[in-house]
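The values are calculated or read from the model by the stated rules, or taken from the named source; none is laboratory data. Computed from a predicted model, the values in this text were never measured in an experiment. In this analysis, Cβ positions are derived from the backbone assuming ideal geometry, glycine residues included, and neighbour counts consider all displayed protein chains. The accessibility values were calculated without ligands, DNA or RNA, using every heavy atom of the protein model including side chains. Shrake-Rupley method; radii C 1.70, N 1.55, O 1.52, S 1.80 Å.
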Amino acid sequence: MRNTPRIVAVTTVLAAATAPLLALSSPAMAEQPAKTVQSAQNLPLNWLSLQGLTESAHLQRIKQLLGAGYVPSALSVTNAANPEYTSVWVKDATRKVNVLQDLSVTDLPKRITEQQQLGFQPTMITGTGAGAGAVFAAVFEKTTRKLQAKTDLTKEALATANTQLSAAGYQISSLDVYGTAEKPLYTAVWAAGAVTGTLQVTTGQTVEQRGRELLARAKQGLSPVAMAVEPGKLYTTVWGKASSTGLKEYLQLSRVTYKLKSLELKGLGYHPIVMNVEDNVYAAIWSKN
């Protein structure tokens, strides 16, 4: 039996993503010079990333970071059989939110209803696994902003919902994929007035297809504004009008190379604006702005 979901009051800023350069990890990345890591560690920690933590370990770090004035800006859960949580934290104290993790497929809709009755709206939902064994985590914000959250969407249902909500003035602000490679399921949050223009979604792309898509979309003036790793190491991407200046994107990172890349880019003045993990594959977009 899964433990009772934990609720932690926090504040957060919704990340807005823009187009980056495409880059892939390689074994050589695991051999970064020690001085690169050390120099990054010596910098002021305006943001930091936690990766691959258990539910209890992640909860403990949440409490520690809240006490130090940090808040989560990204959250991803993977490995439903033994859930692991990865999150990005930044210095911020402007938004009051609740974080719920270790939610079952039946827990999630109940918690969404409960939080809405308390005035909290879902701003981020992440999931992993399939069927009754799926596991979710979510961030809820106390806000008057108009938000719409949907889960258990097929690819076709996601496209339909995006078309309908875009026509009503909503844009995708958070996205994740769970289920199986044969039957991926999508959970997304749409926010009213989040960005301008209709956001387009591509699903089920290999890393090679995703790379070609990035180049083709760039010619149209479009960039990734949200991204998720699908089961089967495929990619879902939300595309919209955005600046590509000062951005870097890395796909196919392992836990180790993601950590090392985070330290390296921190030393160069970058911070993550999009992060997602599934099947032990990490993907992230960093910004220097």
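On the accessible surface of the stretch 66-162, probed at 1.4 Å, how many percent belong to carbon and sulfur atoms?
Working: 1970 of 3920 Å².
Ligands and nucleic acids excluded, carbon and sulfur give 50 percent.
So for the stretch 169-228, considering every pair of alpha-carbon atoms, how many percent are separated by more than 16 Å?
Values: 916 of 1770 pairs.
Result for the distance tail: 52 percent.
Using the Kirkwood formula on the Cα atoms of the stretch 108-220, what hydrodynamic radius do you get, in angstrom to one decimal?
Numbers: mean 1/r = 0.0659 Å⁻¹.
Mean inverse Cα-Cα distance, inverted, gives 15.2 Å.
Round to the nearest 0.05 the FRET efficiency obtained for Asn289 and Ala157 when R0 = 30 Å and r is the Cβ-Cβ distance. Kindly include the intermediate steps, with their values, before the conclusion.
On the way: r = 34 Å, r/R0 = 1.14.
Taking R0 as 30 Å, the efficiency between Asn289 and Ala157 is 0.30.
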